[in-house]
Amino acid sequence: MRFEDQLRDALRPLDPGPRFAERVLARLEPTAKPDTAEPSALAVPVLARPRGMSRLVALGLAASMTLATSAGLVFLETQRRAEGERARQQVITALRLTSGELNEIGRRLTAAAARVETVPGDPGRLEERVP
Amino acid sequence: MKPSLFRLVPSLAVAALLAAPPAAQAQTAKLVWPNLDGLAQKATDAVDVTLDRALLQLAAGFLGDDEDEAAVKALLRDLESINVRHFEFTSAGLYDPAIVDSVRAQLGKGAWQRLIAAKEGASNTEVYAWRDASGGPGGLAVVSTEPTELTLINIIGKIDLARMRQLEGHLGIPKVSPHDAPRPKPE
């Protein structure tokens, strides 16, 4: 058989047989009824009350969660405040020490300058005064 | 086997980095304190302040708006970090002079310049300034030694000494005017 004949034979239209459309619809039917299917676990809303839990218990749980979250936030804020206050104190301590050292060196330089005086009668000549 | 030039390039680059002058490697005003852990145990009073930029910003947020604290806040604005170690001892010779030598060795490198050195008896105070690339102030270091005291200060950032002086007499910072200096006795 020639290639052209083989190709024509392979591509020739086939008769689907009687009630073809009905058979196709019958196969589609099981997936066409989503409302009757059991809802999947993922479809349950996160905040939905689980079956069997009373409204009071659910409210208690929600209140506990809110309280725990608030307590956590208050704790973090307290911690941040304590850290900030500690940093503030450290800054003041550091500046007090630095300023103290700079003052001390200034005092020494002033004292050293005061010890050096011009020699009377010779303004260009300096001499150190011994206290 | 003769090594190709391409194989030699990474080795040459590493060698060039290692051979770079120390000043080029250490372009930072940050001083590395030697191990001072043992000193705190010997000291009667020890101060350890280590504040990076984030903590300085946090501290600034907790400073008030009155004149004194606003001045500190303004001072902190341009600072990158503050590191202070201060020890007081009951008797002399309780700290190793090598600690001071190690810090002084770092201050002899980079863009550090000694501004002032004042010696009085056994007490010695040196103030160093770090110049940034533009020649402006980029940091301050103070090394102060007394027989029973050791103070090491390293402040990085644009420190304004005029503003620092404004803090004298406030927030517990002592005010010492030139008139407080001991005057020579009249002859």
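Taking the chain by itself as reference, region B:101-118 contains these residues with an accessible-area loss of 10 Å² or more in the full protein complex (1.4 Å probe, heavy atoms): B:ILE116, B:ALA118. Charged neighbours of B:ASN124, selected by a Cβ distance under 15 Å, balance to -2 (K, R count +1; D, E count -1).
For region B:100-161 versus region B:29-80, the spacing of their alpha-carbon centroids is 16 Å. The order of B:MET164, A:MET53 by accessible area, most exposed first and with a 1.4 Å probe, is A:MET53, B:MET164.
Were the residues from A:ARG2 through A:LEU28 laid out at 0.36 nm apart, the gain over their Cα-Cα distance would be 5.3 nm. Site pair B:ASP48 and B:ASP66 shows an inter-label distance of 3.2 nm when each label is modelled 7 Å from Cα along Cα→Cβ. Interface A-B: total buried accessible area of about 3400 Å², 1.4 Å probe, protein heavy atoms only.
Subtracting the Cα-Cα distance of B:LYS119 and B:LEU161 from 0.36 nm times their residue separation leaves 13.0 nm of extension gain. Specify whether the C-alpha gyration tensor of region B:72-123 places it in the rounded, prolate or oblate class, a ≥ b ≥ c being the square roots of the eigenvalues: rounded for a/c under 1.5, otherwise prolate if a/b is larger than b/c and oblate if not. Note, shape of region B:72-123 comes out prolate.
The values are calculated or read from the model by the stated rules, or taken from the named source; none is laboratory data. No experiment lies behind these values; they were computed from the predicted model shown. Heads up, the Cβs are rebuilt from the backbone with ideal geometry, glycines too, and the neighbour counts pull from every protein chain shown. For accessibility, only protein heavy atoms count, side chains too; no ligands or nucleic acids. Shrake-Rupley method; radii C 1.70, N 1.55, O 1.52, S 1.80 Å.
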